[in-house]
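Chemist: Handing you this structure, nothing more for now.
The values are calculated or read from the model by the stated rules, or taken from the named source; none is laboratory data. None of the values given here were measured: they were computed from a predicted structure. Neighbour counts are summed over all protein chains in view; Cβ atoms, including those assigned to glycine, are modelled from backbone coordinates with ideal geometry. These area figures cover heavy atoms from the full protein model, side chains too; ligands, DNA and RNA do not enter into them. Shrake-Rupley method; radii C 1.70, N 1.55, O 1.52, S 1.80 Å.
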Number of protein chains: 2
Amino acid sequence: MRVDVPLAKAYLLLNHGPVTLVSSRAGLRTDVMAAAWATPLDFDPPKVTVVIDRSTLTRELVEASREFALNIPPRRLADATLGVGSVSGRQSDKWSEFGLAAMPASRIGAPLVAECIAWLECRLLDEQAVEQRHDLFVAEVVAASADDRVFSGGRWHFGDDALRTLHYVAGGQFFCVGEPVVGHRHDKG
Amino acid sequence: MRVDVPLAKAYLLLNHGPVTLVSSRAGLRTDVMAAAWATPLDFDPPKVTVVIDRSTLTRELVEASREFALNIPPRRLADATLGVGSVSGRQSDKWSEFGLAAMPASRIGAPLVAECIAWLECRLLDEQAVEQRHDLFVAEVVAASADDRVFSGGRWHFGDDALRTLHYVAGGQFFCVGEPVVGHRHDKG
């Protein structure tokens, strides 16, 4: 079930470095593309950065609407994630081509990818210099939610392998997130 | 053994979202801190972004020298990664406190963390507006190298669990990188 994530906890959805799908809408046009280069920038209010190449339809829609969503795909969406990262939205309706369903967001006009496991709804901040020079977008997270099978009470808990996050490398290769590791603070005594 | 990584492949060291240690030097002072918010920004020449809080000694040294290294710690450095992320370099020589050895970089003055498994040597680009507003640093990678037990021929190959990358969540909790997942491109026929 999709449940709200408090804004102060939204960074946790992205902190461990999963690949994302960027969804966007401007007028009647929507697009969805893969972005590995999405990162938290601040805790509360939560902010993120994401790199969106200037050749993409997503870029055009994000620049027009000043909004987008970051959707976090589970392992079972590996093929679709590769697909929406390989094909241009100018050539194909990627939602139907890759079997992705759009669902309404809470606070923005862009649709969310229903098959994902976490969602960050974002509005651009006015950092147009780095947008133009580096394709780097700075945004505030205005709503966040997650599938409570894998994220609840402010923490990820991966059980079902098919719902683990994906971490993109290159050339169609990902790593799946693995086991938890707890760091211990030493006591100098 | 530490081997050079071609600059066009340097993004691969960071693409799957591992936590990093930021090492820096200005004059006789050096520091090392943890940063989960480090991300590729471009392929060739490779660029990265990293968030460095304004309260840290690292921030002072990076602003003075305009250089830093991103070091990627393996799982066996989980405690030290947590440690250098929890203690200020103004209070402690974190290298000795957490048992980390400094080794010389190839192209920058900042030392590298010898116990890490990959290294990106970085020089800041002139993006002082986002540095000041968002603690966000944009840098070019001027040299890269990796431990060939886990990265060679342009790919990660994790065998020994102790050498897997760490992906930070919060509160001392990481995930270890897991198994490879291959995405398949479908053929529309």
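Chemist: Could you let me know the centre-to-centre spacing of the range B:108-148 and the range A:114-156, using Cα atoms, in angstrom?
Modeler: Here the two parts' Cα centres lie 24 Å apart.
Chemist: I've got another one for you. What number, rounded to the nearest 500 deg cm²/dmol, is the helix-based mean residue ellipticity at 222 nm of the protein assembly as shown, given -39500 (n - 2.57) per DSSP H run of at least four residues and division by all its residues? Before the final figure, lay out each step's value.
Modeler: Values: 8 runs with 56 residues, N = 378.
Helix-only estimate at 222 nm: -3500 deg cm²/dmol.
Chemist: Which whole-number percentage describes the relative contact order of the range B:99-163, with Cα contacts under 8 Å and a sequence gap of 6 or more? Could the numbers behind the result be given before it?
Modeler: Values: 81 pairs, mean separation 16.4, N = 65.
Across the range B:99-163, relative contact order equals 25 percent.
Chemist: Per residue of B:76-85, count partner chain C-beta atoms within 10 Å of its C-beta, then hand back the mean as an integer. Let's see the in-between values first.
Modeler: Values: counts 1, 1, 4, 6, 2, 2, 5, 4, 0, 1.
Averaged over the peptide's residues, the number is 3.
Chemist: Continuing with this model, one more query. Quick one, can you get me the convex hull of the C-alpha atoms of the protein assembly as shown expressed as volume per residue in Å³? Mind showing how you got there, number by number?
Modeler: Details: hull volume 50.0 nm³, N = 378.
Expressed per residue, the convex hull around the Cα atoms of the protein assembly as shown is 132 Å³.
Chemist: Using the eigenvalues of the Cα gyration tensor, what equivalent ellipsoid semi-axes result for the range B:139-180 when each is taken as the square root of five times the eigenvalue, whole Å, largest first? The partial results should precede the final answer.
Modeler: Values: eigenvalues 92, 58, 14 Å².
Ellipsoid semi-axes (Å, largest first): 21, 17, 8.
Chemist: Could you rank A:M1, B:M103, B:M33 by how accessible they are, 1.4 Å probe, largest area first? Kindly include the intermediate steps, with their values, before the conclusion.
Modeler: On the way: A:M1 145, B:M103 45, B:M33 20 Å².
Output order, biggest surface exposure first: A:M1, B:M103, B:M33.
Chemist: Taking accessible area as the heavy-atom solvent-accessible surface of the protein chains with a 1.4 Å probe, which residues of the range A:34-68 lose no less than 40 Å² upon going from the isolated chain to the full protein assembly?
Modeler: Those are A:W37, A:T39, A:L41, which lose 40 Å² or more relative to the chain on its own.
Chemist: In nm, one decimal, shortest first: how far is the label point of B:A114 (7 Å from Cα along Cα to beta carbon) from the matching points in the other copies?
Modeler: Spelled out, the distances from B:A114's label point are 5.7 nm.
Chemist: Do any trypsin sites (Lys or Arg not before Pro) in the range B:113-189 lie in a DSSP loop with no more than 13 other beta carbon atoms within 10 Å, and if so, which? Working shown, then result.
Modeler: Numbers: sites: B:R123, B:R133, B:R149, B:R155, B:R164, B:R185, B:K188; in loops: B:R149, B:R164, B:R185, B:K188.
Those that pass, being in a loop and sparsely packed, are B:R185, B:K188.
Chemist: For A:E179, enumerate residues with amide H under 5 Å from its amide H, sequence gap 5+ or separate chain, H modeled in the peptide plane.
Modeler: Under 5 Å from the amide H of A:E179 lie the amide H atoms of B:C176, each far enough along the sequence or on another chain.
Chemist: What order do A:D31, A:D4, B:D79 take when sorted by accessible area (1.4 Å probe), most exposed first? Walk me through the numbers before you get to the answer.
Modeler: Details: A:D31 5, A:D4 130, B:D79 70 Å².
Order by accessible area, largest first: A:D4, B:D79, A:D31.
Chemist: Using a 1.4 Å probe and ignoring any ligands, DNA or RNA, find the accessible area of A:E67 and quote it in Å² to the nearest 10.
Modeler: 40
Chemist: Check the axis relating chain B to chain A and name the residue of B whose C-beta is nearest, distance in whole Å.
Modeler: Closest Cβ to the B-to-A rotation axis, residue and whole-Å distance: B:G17, 1.
Chemist: Okay, moving on. Give me a comma-separated list of calculated 3J(HN,Hα) values for the range A:175-186, in order, Karplus coefficients 6.51, -1.76, 1.60 applied at θ = phi - 60°, integers in Hz, x for any Gly or Pro.
Modeler: Working through the residues one at a time gives 10, 7, 5, x, 7, x, 10, 9, x, 10, 7, 7 Hz.
Chemist: Output, in nm with one decimal and in ascending order, the distances from the B:A129 label point to the matching label points of the other copies (7 Å from Cα along Cα-to-Cβ).
Modeler: Inter-copy label distances (nm, one decimal, shortest first): 0.4.
Chemist: Let me ask you something else. So what does A:C122 come to for accessible area, using a 1.4 Å probe and Å² rounded to 10?
Modeler: 0
Chemist: Using the Karplus equation 6.51 cos²θ - 1.76 cosθ + 1.60 (θ = phi - 60°), what ³J(HN,Hα) coupling, rounded to whole Hz, does each residue of the range A:43-50 give in order, writing x for Gly and Pro?
Modeler: For the range A:43-50, the Karplus curve yields 8, 8, x, x, 10, 9, 10, 8 Hz.
Chemist: So, in the protein assembly as shown, how many Lys pairs have Cα atoms under 14 Å apart, if the pair is 8 or more places apart or on different chains?
Modeler: On the way: A:K9/A:K47; A:K94/B:K188; A:K188/B:K94; B:K9/B:K47.
For the protein assembly as shown, qualifying lysine pairs total 4.
Chemist: Restricting to Cα pairs below 8 Å that are 6+ residues apart, what does the relative contact order work out to for chain A? Please round to a whole percent. Display every interim value, and only then the final one.
Modeler: Values: 403 pairs, mean separation 49.1, N = 189.
Worked out over chain A, it gives 26 percent.
Chemist: Turning to a different aspect of this structure: What gaps in nm, shortest first, separate B:A162 from its twins in the other copies when you place the label 7 Å past Cα toward the beta carbon?
Modeler: From this label point to the equivalent ones elsewhere in the assembly: 3.8 nm.
Chemist: For B:T20, enumerate residues with amide H under 5 Å from its amide H, sequence gap 5+ or separate chain, H modeled in the peptide plane.
Modeler: Amide H neighbours of B:T20: B:A35, B:A36.
Chemist: Give the accessible area for B:Y168 in Å² (nearest 10); use a 1.4 Å probe, count only protein heavy atoms, and leave out ligands, DNA and RNA.
Modeler: Approximately 50 Å² for this residue.
Chemist: Another question, then. Eigenvalues of the Cα gyration tensor times 5, then square-rooted: what semi-axes does that give for chain A, in whole angstrom, largest first?
Modeler: 26, 20, 16
Chemist: Right, next: Show me you know the interface measure: the accessible area buried between B and A, both chains summed, probe 1.4 Å, in Å² to the nearest 100. Spell out each step's value before the answer.
Modeler: Values: alone 9690 and 9700 Å², together 14670 Å².
Chains B and A together bury roughly 4700 Å² of accessible area.
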